[in-house]
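> Handing you a structure now.
The values are calculated or read from the model by the stated rules, or taken from the named source; none is laboratory data. Bear in mind the structure is a predicted one, so any value in this text is a computation, not a measurement. As a convention, Cβ positions derive from the backbone with ideal geometry for all residues, glycine included, and neighbour counts pool all protein chains shown. We work out accessible area using only protein heavy atoms, side chains counted, and drop any ligands, DNA or RNA first. Shrake-Rupley method; radii C 1.70, N 1.55, O 1.52, S 1.80 Å.
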Amino acid sequence: MFNKEKLADVLSAYKKRFDIQWKDEKYKWEAARHFQDNWDIDADDFLEMFMRSTEKMFNLLASMNNYPRGMIKEFAKADSKTVREMFVNLYNEDLPLTERIDTFRNKAEELRLKYNPGSWNNHYQSTNAISVYLWARFPEKYYIYKYSEVRAAAKELESDFVPKKTADADNLIESYKFYDEICSELLKEHSIISILSCAKDKECYPDHDFRTLTADIAFYINRNYKNDTEPWFPKDYTPGFSVKQWVDLLNDGTIFTESSLEIMKRMKDYGGAATCKELSENYGENVNFYNSGSSFLAKRIAQKTGCPVMERDTENSRWWPILYIGRSADKYTSGSYIWKLRDELKQALDIVDLSHVKLYVDFNEEQEEPIKDKYTKQDFLNEVYLSEADYDTLKELLDHKQNIILQGAPGVGKTYAAKRLAYSIMGEKDDSRIEFIQFHQNYSYEDFIMGYKPNADGGFELKNGIFYTFCNKAKNDPDRKYFFIIDEINRGNMSKIFGELLMLIEKDYRKEAAKLAYTGKEFNVPENLYLIGMMNTADRSLAMIDYALRRRFAFFTMTPGFDSDGFKKYKAELENPMFDELIKKVCELNETIKKDDSLGEGFLIGHSYFCSLKKDTCTKEKLRMIVKYDIIPTLKEYWFDNKAEADKHSNELTGVING
């Protein structure tokens, strides 16, 4: 058990920092995807395959004085067969985890002693390294483990569990249980899930169970949380002026420009201390105090007054003016600076007339709104592999109903199509007018519309949900269209999630208002808001769709786009006979699935499995990976009660690659 309120504080800070965090840590999701795409335990050249599969792991498998990936490379050079067997055993889920880990370590030590005990002083296959191997192979089950990160998270969250600084597997298993508790709470934090969903691209592993996200939050606690929440300001910072001296300087038109006065005014309005990111979010601009001339301004003050106004930050070779009392200890990450105005300057700003300072003026020069990429119907058809007639129908349905659900088998590109449908209707790629979330069984009205949430003071406060907030955003911009996209929409209880707004999402009721349960205030869904949902027709675990959902949405079935003009053009550009033959076999397989009474059109193999290839990457090995790790597992699931049928079609597809 741990303190869930503490976790709420951590997640709040994590969300504020997400853009910065994602820029630095996105590689983990990319590394998992790259491993999945390239790992093949049966590869003829195991060493080459291992190095290729792990080439995006970076510091996960190689850091200061720690070289697990490098030692596996050396071991494989000496005895590739044994190393292959080590991984076969490690990935054998039928064996106890402790046994697998101990065996892996013992084999590594045997290889070290057998081949080069004089130079190989360490096999480096630590618990951390082995956890990375496990996570890379089964990212929906395992976490990246590091003692320092688990310990920091346990300490910060006041957990009953305290990790031990030992290499034994039991410690790893207990740490996994601790992470499981955190992960279960993450499932309730739909805003983070939504942020992550929007940030991921095709190069990232989906992380549907948020194991990688959980480990990243522990990393954040260990590395950045204190910096974000407990900013450092130098205590012995003494140079400065009196309030009167500051008033005189502020009234001197030869020292402060309108831009520099605007910086100080914003900070004072914000309470005297803020991060660049916070001010940017509140004032709508990209703020960077240091680059907006603060050092130059301090020099001008020094020249005017003869007073020493700078302090040397010896750690980072920077000069800080007395306008601000330092910044956060996280000194190298763009946008994370935390600045604080001197108290006497804040008092002077209250006295001096700053009415001439324009709000929202840029610090250096007026900024135009960034030009967004245009996006047309043809762009949609080139990317989505839908026929022009189907696109016209889809757009007409959305215009007519305002709420639409894209349904179909996995791999037909529903999620990919939803966002691009919005782009094509907007006429540009404007992600600020799109919100993306994913429903699940525990999603609630409180998450979606509004509800009481724990706060830092130990009490509860009413917080707006993601749909309520997005509706208000659309209302404030009535001349443009906004799109709310819901993945796995049939996994949520629509009546429970939408509450009194369920009726109001219908097009004919958009002008009507309902009283909200928590506030009693009237609220309506704006007319310029469109809802796009997605659902998999091959999910056997789901019950029939709620009638309330069916009545308020138009349903559009997406099928594999192998016959679309866009896919035919894509296939021709690859100039790969093996790819052409494989697609032909998949189309034949789809005919069989369609005629199978236990399956049908909702279970067809989608085209997206074969997308994103280029002429130089459409190799035999890549196609083999798609068949072996994407298509064949799907067939085994479809014909789980008919092994012979599954094997028959699996062999036909494999035969194309091997033939």
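> How many of the residues making up the range 179-228 are open to solvent by 40 Å² or more (accessible area, probe 1.4 Å), part of a helix (DSSP H, G or I), closer than 22 Å to Met1 by Cα and hydrophobic (A, V, I, L, M, F, W, C)?
The qualifying residues number 0.
> Suppose we keep only residues that are open to solvent by 60 Å² or more (accessible area, probe 1.4 Å) and modelled with pLDDT of 90 or more within the range 349-382. Which one would you say is nearest to Phe553 (Cα to Cα)?
Lys377
> If you don't mind, another one. Can you pull out every residue in the range 570-590 that is open to solvent by 70 Å² or more (accessible area, probe 1.4 Å) and more than 20 Å from Leu604 (Cα to Cα)?
Glu573, Glu575, Pro577
> Would you point out the residue of the range 47-75, among those that are in contact with a Leu (Cβ under 9 Å, 6 or more places away or on another chain) and open to solvent by less than 10 Å² (accessible area, probe 1.4 Å), that is farthest from Ala129 (Cα to Cα)?
Step by step, filter the range 47-75, then rank; the result is Phe75.
> Does Cys611 count as farther than 30 Å from Asn493 by Cα, open to solvent by less than 80 Å² (accessible area, probe 1.4 Å), touching a Gly at 6+ places or on another chain (Cβ under 9 Å) and of a type outside the set (Asp, Glu)?
For Cys611, the condition - farther than 30 Å from Asn493 by Cα, open to solvent by less than 80 Å² (accessible area, probe 1.4 Å), touching a Gly at 6+ places or on another chain (Cβ under 9 Å) and of a type outside the set (Asp, Glu) - is met.
> Could you tell me whether any residue of the range 598-611 is touching a helix residue (DSSP H, G or I) at 6+ places or on another chain (Cβ under 9 Å), β-branched (Val, Ile, Thr) and modelled with pLDDT under 85?
Taking every residue of the range 598-611 in turn, none turns out to be touching a helix residue (DSSP H, G or I) at 6+ places or on another chain (Cβ under 9 Å), β-branched (Val, Ile, Thr) and modelled with pLDDT under 85.
> Among the listed residues Asn528, Asn464, which satisfies the condition of being of a type in the set (S, T, N, Q) and in contact with a helix residue (DSSP H, G or I) (Cβ under 6 Å, 6 or more places away or on another chain)?
Asn528
> Take the range 142-178 and flag every residue that is among the aliphatic types (A, V, I, L, M), more than 18 Å from Val132 (Cβ to Cβ) and open to solvent by 50 Å² or more (accessible area, probe 1.4 Å).
If the condition is that a residue be among the aliphatic types (A, V, I, L, M), more than 18 Å from Val132 (Cβ to Cβ) and open to solvent by 50 Å² or more (accessible area, probe 1.4 Å), then Val162 is the only one that fits.
> A further question follows. Looking only at the range 108-141, count how many residues are among the aromatic types (Phe, Trp, Tyr) and buried (at least 23 other Cβ atoms within 10 Å of the Cβ).
Residues of the range 108-141 that are among the aromatic types (Phe, Trp, Tyr), as a first pass: 115, 120, 124, 133, 135, 138.
Pick out the ones that are also buried (at least 23 other Cβ atoms within 10 Å of the Cβ) and you get 133, 135.
Here the count works out to 2.
> Let me ask something else. Within the set of pairs 6 or more residues apart or between chains, which connect a residue that is more than 19 Å from Glu181 (Cβ to Cβ) inside the range 121-144 to a residue that is assigned to a loop (DSSP other than H, G, I, E, B) and of a type in the set (Gly, Ala, Ser) with Cβ atoms less than 8 Å apart?
From residues that are more than 19 Å from Glu181 (Cβ to Cβ), the pairs are Ser126/Ala167; Thr127/Ala167.
> Then there's this: Being in contact with a Phe, Trp or Tyr (Cβ under 6 Å, 6 or more places away or on another chain) and among the aliphatic types (A, V, I, L, M) is the requirement here; does Ala646 meet it?
Answer is yes for this residue.
> Scanning the range 392-415 for residues that are surrounded by fewer than 16 Cβ atoms within 10 Å (Cβ to Cβ) and either in contact (Cβ under 8 Å) with a residue 40 or more places away in the chain or touching a helix residue (DSSP H, G or I) at 6+ places or on another chain (Cβ under 7 Å) (or both), which turns out nearest to Gly492 (Cα to Cα)?
His400
> Look through the range 490-541, keep the residues that are acidic (Asp, Glu) and surrounded by fewer than 16 Cβ atoms within 10 Å (Cβ to Cβ), and return whichever of them is nearest to the chain's Cα centre (by Cα).
Asp539
> Could you grab me the full set of residues in the range 600-635 that are part of a loop (DSSP other than H, G, I, E, B), among the aliphatic types (A, V, I, L, M) and free of Cβ contacts under 8 Å to residues at least 40 places away in the same chain? It would help to see each step written out before you state the result.
Step one: list which residues in the range 600-635 are part of a loop (DSSP other than H, G, I, E, B), which gives 600, 604-606, 611-619.
Applying the additional criterion that residues be among the aliphatic types (A, V, I, L, M) yields 604-605, 613.
Within the range 600-635, Leu613 is the sole residue that qualifies.
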